[in-house]
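Here is the structure we will look at.
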Amino acid sequence: MQRPANEVDLTNAPKTITTCRRLLSYLLRATRLQIDRDKIGQGRFASLSAELSDALIPLVVSERSALGFYRALCARFSVDPTGGDGNWGPIEAWLPDGRIRWDRALASLDYAHMRLVIHENPAFLSTFAFSSPCDGEDSIFSSFPEPAAVGAYRPTLPGMLIAPRSYRTVWTLVSPMAHGADEKSGNVNLFRRHRVVNPLTGEQAYVPFMAGNAVRGMWRDMVMARWLALIGLKPTDLPAERVHALFAGGSVEAGADGAGVNLAVRKRARELCPPWDLVAGCTDQQIMSGRARVHDAVLFCRENAWLVHAALGRADDLVEFAAALPHASELTQLRLGTRHAHRDYAGSDGTQMIFNQELVIGGAQMLHSLQVYGVDGVETTTASCLADLLNDFREYGTVGAANARGLGLIAFDSYQPGDGAPPLPDPAIYLEYVEKRRDDMRAWALRQNEPAPPIKPMKGGKGKPSRPVAPLADHGPDPAEGVL
Amino acid sequence: MTWLDENRDWLARAAERCRPRSSEPLRLRVWLRSPLVWDAWNGVGIDGALQHAIVLRETGRLADDVFADAPRSVFADIAVPLADVERAGRRIACASWAQPPVCAVESLRYWRKRARAELMPIPGGKGVLVTGGGAYKSLQIPVPTLATPYVDFFVVGDRSLLSDLLRDVGAIGRGRAGGLGSVLGTEITSESEDRSLRWRGRPMRATPVADEHEAALHFEHGAYELREAATRAPYWHMSTRALCAMPIVRLGQEAA
């Protein structure tokens, strides 16, 4: 391809997601052409497109500006954008309508758009960068139209809301917090994000959050472990199926969806295990719903300002409130981690590792809430169990991953009932109930005094009975261990 | 005693309390605090969520417990504060599917589940717990979602009964227990025209039709597709299935 004769001036060009995607693609192609095999080594050079694709999201997340992003990109691939190491001068993106120097190209890019474009599909950008220029390739960018909201967007904001009855609090992060992203990005473990649309601006952004399901899973572990401790059992005392049901929600085994519904079994489970009534799952071939509905934790940031403002019922001006909050991108940082192989010790078979972990910074705040299905009709013991769990959670004060390394410490006031939600009862009710029904609860947990499950016909086995996996009725603790 | 006999009291109570006294065209703007599980093939309805709230209120029990032992031949029609109309011999609620605003975008959420192998007793025999498959398999399942600040439902119903009931509609769509489709709050506003069933030539919800000629008579070409679908909440019940004109939902389409 010939160097375009004219230089394009994008100073006054519209800054849209489509123009950002296009210019960034051409700039990455120009940059890729400057990567020197001798500098980075044959091994990396052979899988360069994959490395570029993997590196883009961590780079755009860890930097705060287009210039910073490009510096980090060039450093990673040992590229000198000034052209000092060759005869070609500074890097230029060659577009069909002319050429533009890298710094001018970056100046015309909106970094929020860059984040969005890269998050959307880094493989697209890498593929374009590594493809050879051809006629008509530019038309591909018009195939991805601009989001409809951009342009003549009119803010649409919540007015008088009929809010569901819920319990909420605000977490303040005492230490940075980790919560793994959905997809891997090389050796960088990013924070979990989801796409949001800000009704104040109509713009989209990828914002860190903590999934309600993750909090629910953590609460499940806590409430079940505490219940077992109260009745004097350890998880390892229980049959594997029961442990799996209590701590992971169980699994829908063959026949569970069509199995005869046993109301007595369902009632007994809810009655004898209040934590089960709270989070439930599938046990004894009964698929059951729990009472607790746990929401995502919402980061206090400009993109979520409308949501936080409405949820907390703040009376101040939303625009001012939003302006006072930082952008989500300013609330994360990368932390370098290493793992040593200790090869100096004989017999060490460890693996040497270096990795980065993206964290939400300490001091950030998150809004968290939960609801109780049928809050008026819930059993007092279940509601009391929830109160006990929330107290326990407050004392534990930890969320997310890597808690052993000091991450994820939080502080918060107790969960407060929102409009119309009744206050939760005293946790002592639950503790007294457990004390009173302790023996029955132990028997349920250990699956004692239950009939053995029917032997299911094996799939495709011409009616032969399947081999029982493990005896269920007598799968209690080993008396030799002295647990009972 | 049959299931219907056992549950007749609260069903009658619900019918008395929740049947609309007066109906008017309304827009329910449901503001969301988290993404909504999204399936353009089968849209998100509000009538099922209202029924769920009614069951909880009237029985104090979770709906899956109440209906767990209901025979499949029995269809319990739970009253909601929405007007009904008859289409092709089927009664349907005057309630549109969720209509996303033009700024809504599709997204993805992974649903994860991890077997707590470290808590399990050592299984008999081999002493190995398989988490790559079988009953203790750990899962990471992608769930298609919609990132949107709100969705609109166009209904014909009783404003005051809906205002009260919506306090117990905490989430819509699937994946509710884990935080998806969480409702921040709902706004109710009056509408000058009824858009609950049809608007600008397209169906706003699954609408039963006798045949393709009837569908073509009511809806514009290209605005619907014909297939069998559930027509009335609870939508899981097989007896509610009939030939329907189904909306073709396209994101970015103006709903209001």
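Filter the strands (runs of 3 or more DSSP E) completely within segment A:195-303 down to those with at least 2 residues that are more than 8 Å from every other protein chain (Cβ to nearest Cβ).
Values: elements: A:204-210, A:281-283, A:286-288, A:292-294, A:297-299.
Of the strands (runs of 3 or more DSSP E) lying wholly inside segment A:195-303, those with at least 2 residues that are more than 8 Å from every other protein chain (Cβ to nearest Cβ) span A:204-210, A:281-283, A:297-299.
Give me the strands (runs of 3 or more DSSP E) completely within segment B:78-165, filtered to those with at least 2 residues that are touching a residue at least 24 places away in the same chain (Cβ under 8 Å) and more than 10 Å from chain A (Cβ to nearest Cβ), ordered by residue number.
Details: elements: B:84-87, B:90-93, B:105-113, B:139-147, B:150-157.
In segment B:78-165, B:84-87, B:90-93, B:139-147, B:150-157 are the strands (runs of 3 or more DSSP E) which contain 2 or more residues that are touching a residue at least 24 places away in the same chain (Cβ under 8 Å) and more than 10 Å from chain A (Cβ to nearest Cβ).
Within segment B:56-70, track down each residue that is within 18 Å of B:Val169 (Cβ to Cβ) and outside any loop (DSSP other than H, G, I, E, B). Answer for segment B:56-70, where residues must be within 18 Å of B:Val169 (Cβ to Cβ) and outside any loop (DSSP other than H, G, I, E, B): B:Leu56, B:Arg57, B:Glu58, B:Thr59, B:Ala63, B:Asp64, B:Val66.
What do you reckon, is A:Asp138 touching a residue at least 40 places away in the same chain (Cβ under 8 Å), in a helix (DSSP H, G or I) and not polar (S, T, N, Q)? Explain how you work it out, then say what you get.
On the way: touching a residue at least 40 places away in the same chain (Cβ under 8 Å): yes; in a helix (DSSP H, G or I): yes; not polar (S, T, N, Q): yes.
Here the answer is yes, as A:Asp138 does meet what is asked.
With the structure loaded, tell me whether B:Arg174 is in contact (Cβ under 8 Å) with a residue 60 or more places away in the chain, part of a loop (DSSP other than H, G, I, E, B) and out of contact with any Lys or Arg (no Cβ under 8 Å at 6 or more places or on another chain) or whether it fails that test. Yes: the conditions hold for B:Arg174. Test each condition in (1) part of a helix (DSSP H, G or I); (2) surrounded by fewer than 16 Cβ atoms within 10 Å (Cβ to Cβ); (3) not aliphatic (A, V, I, L, M) for B:Glu214 and report the one that comes out false. (2) is the only condition that B:Glu214 fails. Across segment A:34-57, the qualifying residues are those that are touching a Leu at 6+ places or on another chain (Cβ under 9 Å) and under 11 Å from A:Phe130 (Cβ atoms), and the one among them that is surrounded by the fewest Cβ atoms within 10 Å (Cβ to Cβ) is A:Ile35.
Check segment A:367-389 and report whether any residue there is more than 14 Å from chain B (Cβ to nearest Cβ), outside any strand (DSSP E or B) and exposed (fewer than 14 other Cβ atoms within 10 Å of the Cβ). No: zero hits.
Kindly evaluate B:Leu180 against the criterion of being part of a strand (DSSP E or B), in contact with a Phe, Trp or Tyr (Cβ under 9 Å, 6 or more places away or on another chain) and facing chain A (nearest Cβ under 10 Å). Spell out the reasoning first.
Values: part of a strand (DSSP E or B): no; in contact with a Phe, Trp or Tyr (Cβ under 9 Å, 6 or more places away or on another chain): yes; facing chain A (nearest Cβ under 10 Å): yes.
It is false that B:Leu180 is part of a strand (DSSP E or B), in contact with a Phe, Trp or Tyr (Cβ under 9 Å, 6 or more places away or on another chain) and facing chain A (nearest Cβ under 10 Å).
Say we look at segment A:84-131 and pick out the residues that are β-branched (Val, Ile, Thr) and over 17 Å from A:Asn12 (Cβ atoms); which of these is farthest from the chain's Cα centre (by Cα)? Result: A:Ile91. Please indicate, with yes or no, whether at least one residue in segment A:347-354 is in contact with a strand residue (DSSP E or B) (Cβ under 6 Å, 6 or more places away or on another chain), more than 14 Å from chain B (Cβ to nearest Cβ) and closer than 30 Å to A:Arg115 by Cα. Yes, segment A:347-354 has at least one match.
From the residues in segment B:36-64 that are within 11 Å of another protein chain (Cβ to nearest Cβ) and surrounded by fewer than 19 Cβ atoms within 10 Å (Cβ to Cβ), which one is nearest to the chain's Cα centre (by Cα)?
At the first step, the residues of segment B:36-64 found to be within 11 Å of another protein chain (Cβ to nearest Cβ) are B:49, B:52-64.
With the extra rule that they be surrounded by fewer than 19 Cβ atoms within 10 Å (Cβ to Cβ), the set shrinks to B:60, B:64.
Numbers: B:Gly60: 20, B:Asp64: 15 Å.
Top of the filtered list is B:Asp64.
Scanning segment A:101-118 for residues that are out of contact with any helix residue (DSSP H, G or I) (no Cβ under 7 Å at 6 or more places or on another chain), in a helix (DSSP H, G or I) and more than 11 Å from A:Ile17 (Cβ to Cβ) yields a total of 3.
Step by step: first the residues of segment A:151-187, then only those that are farther than 27 Å from A:Asp316 by Cα, in contact with an Asp or Glu (Cβ under 9 Å, 6 or more places away or on another chain) and part of a loop (DSSP other than H, G, I, E, B), then the one that is nearest to the other protein chains (Cβ to nearest Cβ). Which residue is that? My answer is A:Ala181. For segment A:119-135, which positions are more than 14 Å from every other protein chain (Cβ to nearest Cβ) and not in a loop (DSSP other than H, G, I, E, B)? Answer for segment A:119-135, where residues must be more than 14 Å from every other protein chain (Cβ to nearest Cβ) and not in a loop (DSSP other than H, G, I, E, B): A:Pro122, A:Ala123, A:Phe124, A:Leu125, A:Ser126, A:Thr127, A:Phe128, A:Ala129, A:Phe130.
Candidates B:Arg33, B:Arg72, B:Arg27: the one that is more than 9 Å from chain A (Cβ to nearest Cβ) and touching a strand residue (DSSP E or B) at 6+ places or on another chain (Cβ under 7 Å) is B:Arg27. Flag not set for A:Asp392, criterion: in a helix (DSSP H, G or I), surrounded by 23 or more Cβ atoms within 10 Å (Cβ to Cβ), touching a residue at least 60 places away in the same chain (Cβ under 8 Å) and not hydrophobic (A, V, I, L, M, F, W, C).
Read-outs throughout are calculated quantities, based only on the coordinates presented, and are distinct from any laboratory measurement. Remember, predicted model here, so these are calculated numbers, not experimental data. Ideal geometry is used to build each Cβ from the backbone, glycine not excepted, and the neighbour counts take in all protein chains shown.
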